Structure formats: C-alpha cells, structure tokens
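Worksheet: the structure to be examined is printed underneath.
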Amino acid sequence: MARIYALMQGCASVRPDVVTYGILVNGLCKAGRVGDALRVLDGMSRQDSDIRPDVVTLNTVVDGLCKSGRVQEALAFVEQRMSSVHGCPPNTVTYNCLIDAFCRVGNISMAYELVEKMENEGVPQNIVTLNTIVGGLCRAGRTGAALEFFREKRTVWPEGKGNAVTYSTLVGALLHTNNVGMAMELFHEKMSEGHSPDAIMYFTMISGLTQAGRLEDACSMASSMKEAGFKLDTKAYNILIAGFCRKKRLHEAYELLQEMKEVGLRPDVCTYNTLLSGSCKAGDFAAVDELLGKMIDDGCQPSVITFGTLVHGYCKVGKIDEALRILRSMDESGIHPNNVIYNTLIDFLCKRGDVDLAIELFDEMKEKSVPANVTTFNALLKGLRDKNMPEKAFELMDQMREERCFPDYVTVDVLMEWLPVIGETDRLKRFMQQGEHTASKRIVSDRTSA
DNA sequence: TTAGGGTTAG
C-alpha cells in the first residue's frame, strides 16, 4: 500500500485526492493498522496539507478504533476532534459505529445514551442504527427488549420499519431462545408485507428450527427455500442431518446424504463426522465401518473429530480396547490426538475402575505435550476417589495448582464429598484457598452457606 | 465509512 502511495506521489499526473486517502485509511484500518491510519490522518490535517479529511475518512478511523477494541478512544476522538479539529460534526454513520462498539462490549446503556444524543443533536437515525441496537440486545440475550425497541421505533423513526436484517436478527434470536411461535409470527409478518425472505433468512430459519427440535418445520422451510429459487448448500444439509441424528432418525439423515449427492453436493468431513456420531449412538457399528470406507473412497480425510467420534462411540458401548486401538491407529494417520480424545478414554477407564491405565494415558499426554484440562483432572480424581487412592489425588491437586488449572464445580463436588470423610479437610481447605483459586472459593462458600 | 446466518467428537 505504502509503495503504491509513494509511486503516485512521484507521478505528477496522478494526484491523490480525498478518496485516495479514504481508500488508504480504510485499507489500513481493515488490516488492523489503526495506528498507521491515525498517522495518515495527522498528515492530512497538517497546515501544509492541501487535502483535508472528510467525514468519511474520519468515520473510517472511528470504526477502525471501535473494531480494534479502542472504544473509549473512538468516543474521545468523536467528542474532542471531529468538530473542533477537523470541522466535521459526527453524522449518522459516526454514531452507528460507536453504538455498535458499545453494544459489543456489553455497554447497552451507553448505546441507548448515544441514540438519545443523536435525537438531541438532530442527527437522524437510519435502518443501520435500528439494526445495530436490535442486534446488540439480541447478542446480550435480551430478545424481548430488542422486540420492544423495534416495535417502539418502527412508527417513530422514518427508517424504523425494519428490513431483512432486522427480521433475520430477531427471528434467529427468538429461535435460539426456543420461542418458535413468536419467530414464526415475525417471519410471516414480514412475508405478509410482500417481502420475500432472502437466503440468510432461510438459513437462519432452517438452523434455528432444527436447533429447537422442529425438524418438520425446518424441512418445510428448506423446501420453501428451494421453491423460491435458492439452493441448499453443504452446511445447510449438515445442519439438517445433525438434527435427524440428534433425534435418532438415522434413516432420514441418510436420505439427506443421498439427496445432497443427487443435487451435486459433496459431503464434507463434517457431514461424515455427523453421520458417524449418529450411527455410533445408534450402536450401528456396521454402518460406521461402511461410512468410513465411503469417506475414504470419497477422498475425504478423517479429522481429529472423526477419531474422537469413534473413540467415544466405542467407549460408550464398553469396547474400550477398540477405542484404544483407534487411539494407536492415529499415529499412522499423522493426526495427533487432542485432550478431548484422551479425556474420553481416561473418563471411561476410570469409570470402569481401570485407574492405572488412565494414569498411564495421563502421563502419555504429558509426553506428547497434549495439555490436560479441568475435565482431565476431574475424571482422574473421580476414579481415584472411587478406588480411595488419596495420595495420587493429592499429587494431582498439586499439579493442578502448578499448571494453574482451576477447579470447577465438579472438582469441588468430588473433593468435598471425599476428603472430609477421610479426615483430610485441612488439605481440601488449603487446595481451595490457593490465591489463584478465588472462583472455587466462591463455590465453596456458596455451598457451605446454603 | 456503519447493521443480519448456519455444521461435526468429551
């Protein structure tokens, strides 16, 4: 970028103008180089500069500051520099950038304050202002407040009627909070006004309805989408396939696999992993083997999740030896097992009472630099409790402290019902009172006061 | 120059 700029400066017939600078500032901001963007702006603002930044250049910098997490600096820039230094008062876009940034850091009240400030200063709100607040409230889990805000502004603001963005944001949030009735109502409300849904709206509906367990509705939405001239993509099929697998409706899941192939879509590693997981959960290991064969024939490389799915599937039906065999086969495939896979094996081994082998795997994790996490320690501590092996447990508790692996409510549960019984209350207290373990101290005091 | 969405293992 700098090279192109230098080239232009050396060429008398190509003079950069404010748009050129705008592109440069935008490029720098989008590349995360807000500091450089601010320096370009300073250069433009010097006495000897013949090109002054306009409101678009300044908004670009405000948004750059906002998107790089420098929200307070952005606010200070708008309040202290835009009008007085650059002679450009903030406009609708300036405020929209700030409102979005405050929503994203969870400061909704500041976002509301800025909306009010726009009203007081006569800066008009537009559809983006509306959608930014609606989106911010939905992200904060305040879907009801988002709906209320929309209902209130749709008659008051000139651009408050809502567009495809408003509706898909609200519908998506409603479906995620399992408010299917209201989501459907909004969807049809928009339709009845003569607006046809766009692809994002359809995907939002398909995904949300599936998540809410409404597979029939999700499928009929997929049909409507196709009738409207849109195509389902691999992700959309994967969503539906996962939905049917969760409901243990494997037959329909496999039918969708067939359908996606017929329309010319190649199942990806995610499709296969989903179906493998579903078949494992259904205990159909013949289907698992067949699917693995198809996956390889298809040129689709198994991922660490594929192995994790198989390891879990075999553990779940008590075939831990087969699960261990899969772990060993990973070496040949060149895919490194991660802590999810080790945790699964350690957990099932402990549950089966095979703590020694679980500890061997735990040691292997260290050798292979696979980080243990609280789930690993919890599984081992449970196993050690069941075998009443406190000395090893104390060793692990020390390791947790050294590795700054904080206990969670499961750790607290296991240790609180074990250590006091064997007369180790002091050790439990010491473990919980480590400086870094503040969070667990809170859990303990909550529990003891209850 | 600012706003919306979706998939797989513990």
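Cα centroid separation, segment A:74-140 to segment A:211-246: 37 Å. Ranking A:Leu276, A:Phe406, A:Asn163 by Cα position along the charge dipole of chain A, where only Lys, Arg, Asp and Glu carry charges on their C-beta atoms, puts A:Asn163 farthest toward the positive end. Computed from the C-alpha gyration tensor, the three semi-axes of the ellipsoid equivalent to segment A:100-185 are 22, 15, 9 Å, from longest to shortest. Restriction of the chymotrypsin sites (Phe, Trp or Tyr not before Pro) in segment A:334-370 to DSSP coil positions whose beta-carbon has at most 13 other beta-carbons within 10 angstrom yields no sites. What you get for chain A, charging only the Cβ of Lys and Arg (+1) and of Asp and Glu (-1), is a dipole of about 420 debye around the Cα centre.
Taken along the Cα-to-beta-carbon direction at a fixed 7 Å, the label points for A:Val263 and A:Glu152 span 4.1 nm. Taking all protein chains together and a 1.4 Å probe, the residues A:Asp50, A:Asp331 rank A:Asp50, A:Asp331 from largest to smallest accessible area. Quick one: net charge of A:Phe394's neighbours, Cβ under 9 Å, K/R +1, D/E -1? Its environment carries a net charge of -2.
Local charge sum around A:Asn26 (other residues, Cβ-Cβ under 14 Å, Lys/Arg +1, Asp/Glu -1)?
Numbers: positive: A:Lys30, A:Arg33, A:Lys67; negative: A:Asp36, A:Asp54, A:Asp63.
Net of charged neighbours comes to 0.
Cβ-Cβ distance of A:Met330 and A:Asp426, R₀ of 30 Å, FRET efficiency by 1/(1 + (r/R0)^6): the value works out to about 0.10. Computed in the context of the full set of protein chains, the accessible area of chain A at 1.4 Å probe radius has 52% of its extent on carbon or sulfur. When the alpha carbon coordinates of segment A:338-449 are projected onto the principal axes, the ranges are 39, 26, 19 Å, largest first. Rg over Rh for segment A:1-154 works out to 1.05, using Cα positions for both radii and the Kirkwood form for Rh. Would you mind computing the Rg to Rh ratio of chain A from its alpha-carbon coordinates, Kirkwood style for Rh? My calculation puts Rg/Rh at 1.06.
May I ask you to give the solvent-accessible area per residue for chain A, in square angstrom, as obtained with a 1.4 angstrom probe?
Computed with neighbouring chains in place, this is 51 Å² per residue.
For chain A, the mean residue ellipticity at 222 nm estimated from helices alone is -22000 deg cm²/dmol, where every DSSP H run of n ≥ 4 contributes -39500 (n - 2.57) and the total is divided by all residues, rounded to the nearest 500. Taking Cβ atoms as reference points and 11 Å as the exclusive limit, the residues near A:Ala111 contribute a net charge of -1, counting Lys and Arg as +1 and Asp and Glu as -1.
A full extension of the chain between A:Arg352 and A:Arg39 corresponds to an added length of 106.3 nm, given 0.36 nm per residue minus the alpha carbon distance.
Take the cross-link list A:Lys319/A:Lys366; A:Lys261/A:Lys281; A:Lys30/A:Lys67; A:Lys248/A:Lys281 and give me the ones stretching past 18 Å between alpha-carbons.
Details: A:Lys319/A:Lys366 25 Å; A:Lys261/A:Lys281 24 Å; A:Lys30/A:Lys67 9 Å; A:Lys248/A:Lys281 8 Å.
Those over the limit are A:Lys319/A:Lys366; A:Lys261/A:Lys281.
Per the Kirkwood definition applied to all pairs of different Cα atoms, how many angstroms is the hydrodynamic radius of segment A:343-396? It is 10.8 Å. Heavy-atom accessible area for A:Asp356, with the other protein chains in place and a 1.4 Å probe, reaches approximately 100 Å².
The values are calculated or read from the model by the stated rules, or taken from the named source; none is laboratory data. Predicted model only: the values in this text are computed from it and were never measured. Please note: Cβ atoms are built from the backbone with ideal geometry, for glycine as well, and neighbour counts cover all protein chains shown. The area values use the complete protein model at the heavy-atom level, side chains included, leaving out ligands, DNA and RNA. Shrake-Rupley method; radii C 1.70, N 1.55, O 1.52, S 1.80 Å.
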